[in-house]
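What follows is one structure encoded as structure tokens, with my remarks underneath.
Taken together, the values in this text are just the output of simple stated rules run on the coordinates, not laboratory data. Because the structure is predicted, anything quoted here is derived from the model rather than measured. Counting neighbours? That spans all protein chains shown, and the Cβs are built from the backbone with ideal geometry, glycine included.
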Amino acid sequence: MDNKPKIAFFQCQWCLYAPEDQEWVDSRLPENIHLIKVPCTGRIDPLFVLNAVQGGADGVVISGCLPEKCHFKEGNLAARRQLDSFSSFLDYIGYDQERVHFVWLDLQDRGRIQRELADFESQISRLGPAESLATRVPLKEGGAND
Amino acid sequence: MTELEAKIRTEAARLLSEGLVDVVVAFRKEDAPLRPQPAFFTNVEDLENLVYNGLCANNLANYLTRFPQETRIGMLVRGCENRSVNALVVEKQHSREKLTLIGIPCTGIIDWRKVVALTGEDILAYEDSAHTLTVRARHQTFALPRQELLHSSCLRCVHPNPLSADILLGEMLPEGDPALIRERVESFEALTRAERTAYFKQEAERCIRCYACREACPMCYCEECFVDHNTPRWTESGTTPAGTHAWHIIRAFHQTGRCTSCGACERACPMDIQMTYLTDKLGKDMWDSYQFAAGMDDQTQPPFASFTLDDKKHFQVGGKQS
């Protein structure tokens, strides 16, 4: 397990249209992928992404709905501007932009999320572990450290 | 008293005595050498303490959000302060009608640290003129060339003139060169990834988390900052690497499309940490992606608040990153 890249996977709860996909993500995700389910990509504060990066994530995947198909009309539009800019900002201080990956899913994209995660994982394996900003002390059993 | 100071006092006295404003925000004579202090003048007699010179380092727009919305404020503004006021008006922190801006084209703020490095700390008096700063120390008098003492943000200043002042005092100055900020960001981008991280860590990890940068910044007016929030705690609150990195990254990122590059954060920092290379990068990104510069008018919403469906051509469609 240890040689597999650690991936933080932020998923908008509305973006997987096929129940099979959602079921796979909810219960059969590989152990090196950590799922953070959010009500909308608009809920993803850049700080969440930073916490993942500081916590030692080698890659971050953000999946959401297509621009015009947001469940909350425009949450993903707000998210896209912020997170896009944030990933290039992280690149500026040394966290490779290729480690942040966006997946915008459509109705017919059944099964695509599995493919995207697999592709991304092999891409991150090539890049190697990300150590530049991984600074957080692992959480103690049962909660925060301070 | 310089000619400019006299003009400011006259205007401030007029605004107060005619009852056009409730308070004039400007600077008063300092208690510590080289550090004129922000001051709030509510009656004409106090105006004899008003000073203005190159060492007035604070961004006065910072105090805009500390008054109730209905207060009529007269404010001394230089180029950067005027842009900060504009950005705050866009964010509805005060209504423009209640503001009277006394604009001064700015010849640059003198970094007191650079002065002290040359003269030592025993400073008795100083005088700021167009090209020289004359400092009288205990044993010696120094005549220092002003241009070499300017704060680094002011050397890169693009708009030294107030853009929307109600009263303009002094001569308009030529605009600065926008390439200077751009070149600085680009030269940092040209470093290797490891060098960039090393520089960022070297700067951020000196941080003592005093939040002087936040207090000095006109755009940092949240009632509760993300670092003060403790249920849940979003970041480590100590001076650990994780805590200081998170503070520097997110503080800068919250300024995206709002920072006017006044450099007040760096001037306030007791540890002399470089921060503007972060905010300048975000400013450059906003210009490149959305042709937006913060504070140029008091109407246009910043990019993160003005998203539209037209963005969709930038979205990833069909598996390829746009």
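A crude spin-label estimate for the pair B:THR42 and B:HIS131, with each label 7 Å from Cα along the Cβ direction, gives 4.5 nm. Among the trypsin sites (Lys or Arg not before Pro) in segment A:68-133, those placed in a DSSP loop whose Cβ has at most 15 other Cβ atoms within 10 Å are A:LYS73, A:ARG110.
Principal-axis analysis of the Cα atoms of chain B puts helix B:241-253 at an angle of about 80° to the longest axis.
Secondary-structure-derived ellipticity at 222 nm for chain B, considering helices only, amounts to -9000 deg cm²/dmol, per-run term -39500 (n - 2.57) for DSSP H runs with n ≥ 4.
Screening chain A for DSSP H helices whose Cα atoms reach 20 Å or more along their own axis and whose mean Kyte hydropathy is at least -1.0 gives A:75-92, A:112-127.
Karplus-derived 3J(HN,Hα) values for segment B:263-269, using 6.51 cos²θ - 1.76 cosθ + 1.60 with θ = phi - 60°, are x, 4, 4, 5, 5, 7, 5 Hz; glycine and proline are entered as x.
Between B:LEU20 and B:GLN140, what length comes free when the chain is fully extended (0.36 nm per residue of separation minus the Cα-Cα distance, one decimal in nm)? Each step should come with its number before you reach the end.
On the way: separation 120, 0.36 × 120 = 43.20 nm, distance 4.56 nm.
My answer for the length gained is 38.6 nm.
Database remark: amide H of B:LEU133 closer than 5 angstrom to the amide H of B:LEU144, B:ARG146 (H placed geometrically; neighbours at sequence offset of 5 or more, or on other chains; Pro and chain starts carry no H). Under the rule a/c < 1.5 gives rounded, and otherwise a/b versus b/c splits prolate from oblate, where does the protein assembly as shown land using the Cα gyration tensor? Prolate is the answer for the protein assembly as shown, as a/c is 1.5 or above and a/b outweighs b/c. Using the Cβ-Cβ distance between B:SER237 and B:ALA117 with R0 set to 35 Å, the FRET efficiency works out to roughly 0.60.
Please find the FRET efficiency linking A:ASN3 to A:LEU107, where r is the Cβ-Cβ separation and R0 is fixed at 41 Å, and quote it to the nearest 0.05. Can you show the working numbers first?
On the way: r = 36 Å, r/R0 = 0.89.
That gives a FRET efficiency of 0.65.
Taking a ≥ b ≥ c as the square roots of the eigenvalues of the alpha-carbon gyration tensor, segment A:7-127 is classed oblate because a/c is 1.5 or more while a/b is no larger than b/c.
Any idea what the dipole of chain B comes to, in debye rounded to 20, about its Cα centre with Lys/Arg Cβ at +1 and Asp/Glu Cβ at -1?
Working: 36 positive and 44 negative charges, 157 e Å.
Using only the charged Cβ atoms, the result is roughly 760 debye.
Scanning residues 5 or more positions from B:THR100 or on other chains, those with amide H under 5 Å from its amide H are B:ILE73, B:GLY74, B:MET75, with H placed 1.01 Å from N in the peptide plane.
Counted by neighbouring Cβ atoms within 10 Å, the residues B:CYS222, B:CYS106 run from fewest to most as B:CYS222, B:CYS106.
Based on DSSP H runs of at least 4 residues, each adding -39500 (n - 2.57), what is the mean residue ellipticity at 222 nm of chain A after dividing by all its residues, to the nearest 500 deg cm²/dmol?
On the way: 4 runs with 52 residues, N = 146.
Estimated from H runs of four or more residues: -11500 deg cm²/dmol.
For chain B, a Gaussian network of Cα nodes joined below 10 Å ranks B:ASN62, B:ASN53, B:ASN43 by mean-square fluctuation, and the top entry is B:ASN43.
For a paramagnetic label modelled at 7 Å from the Cα of B:GLU189 toward its Cβ, which residues of segment B:285-303 fall within the zone defined by backbone nitrogen distances under 13 Å? Residues passing the 13 Å test: B:285-290.
By how many degrees, 0 to 90 and rounded to 10, does the Cα axis of helix B:79-90 deviate from the longest principal axis of chain B? Computed tilt is about 60 degrees. Roughly speaking, what is the centre-to-centre gap between segment A:99-129 and segment B:104-158 when only Cα atoms are used, to the nearest Å? Cα centroid of segment A:99-129 versus Cα centroid of segment B:104-158: 55 Å apart.
Multiply the residue gap between B:SER289 and B:GLU223 by 0.36 nm, knock off their C-alpha separation, and tell me the result in nm, one decimal place.
20.7 nm
Put simply, the amide H of B:PHE27, placed in the peptide plane, has neighbours under 5 Å in B:ALA39, B:VAL51, leaving out anything fewer than 5 places away on its chain. Relative to the longest principal axis of the Cα atoms of chain B, the long axis of helix B:179-189 lies at roughly 40 degrees. You can think of it this way: the chain between B:ILE208 and B:GLN147 has 18.9 nm of extra reach, that is 0.36 nm per residue less the Cα-Cα gap. Take every DSSP beta bridge whose two residues both sit in the protein assembly as shown; close to 45 percent of them are antiparallel. The HN-Hα couplings worked out from phi for segment B:103-112 by the Karplus form 6.51 cos²θ - 1.76 cosθ + 1.60 (θ = phi - 60°) are x, 10, x, 9, 8, x, 8, 7, 7, 4 Hz, whole numbers, x standing for Gly and Pro. A Förster distance of 56 Å, applied to the separation of the beta-carbon atoms of B:THR71 and A:ASP119, puts the FRET efficiency at 0.45.
Across segment A:32-37, rounded Karplus estimates of 3J(HN,Hα) from the backbone phi angles (6.51 cos²θ - 1.76 cosθ + 1.60, θ = phi - 60°) give 7, 9, 9, 8, 10, 8 Hz, Gly and Pro being marked x.
Is the C-alpha gyration tensor of segment B:1-115 telling us rounded, prolate or oblate? Criteria: a/c under 1.5 is rounded; beyond that, a/b larger than b/c is prolate, otherwise oblate. Let's see the in-between values first.
On the way: a/c = 1.84, a/b = 1.23, b/c = 1.49.
Judged from the Cα gyration tensor, segment B:1-115 comes out oblate (a/c at least 1.5, b/c at or above a/b).
What does the charge dipole of segment A:7-127 about its Cα centre add up to, to the nearest 20 debye, if the Cβ of each Lys and Arg holds +1 and the Cβ of each Asp and Glu holds -1? Spell out each step's value before the answer.
Numbers: 12 positive and 18 negative charges, 49 e Å.
Once rounded to the nearest 20, the dipole reads 240 debye.
For the peptide B:244-253, the mean number of other protein chain Cβ atoms found within 10 angstrom of a residue's Cβ is 5. What's the longest piece of chain B with no exposed trypsin sites (Lys or Arg not before Pro), counting a site as exposed if DSSP puts it in a loop and it has at most 11 other beta carbons within 10 Å? That would be B:139-322. Each of B:ALA242, B:TYR277, B:HIS254 was placed along the dipole of segment B:229-285 (beta-carbon charges, centred on the mean Cα), and the one lying farthest toward the positive end is B:HIS254.
Between B:THR71, B:THR308, B:THR100, the GNM of chain B built on Cα springs shorter than 10 angstrom shows B:THR308 fluctuating the most. For a label point 7 angstrom out from the Cα of A:GLU131 toward its Cβ, which stretches of segment B:179-196 have the backbone nitrogen within less than 20 Å? Within reach of a label on A:GLU131, which here means backbone N under 20 Å from a point 7 Å along Cα→Cβ, segment B:179-196 contributes B:192-196. Each part reduced to its alpha carbon centroid, segment B:171-230 and segment B:27-87 end up 23 Å apart.
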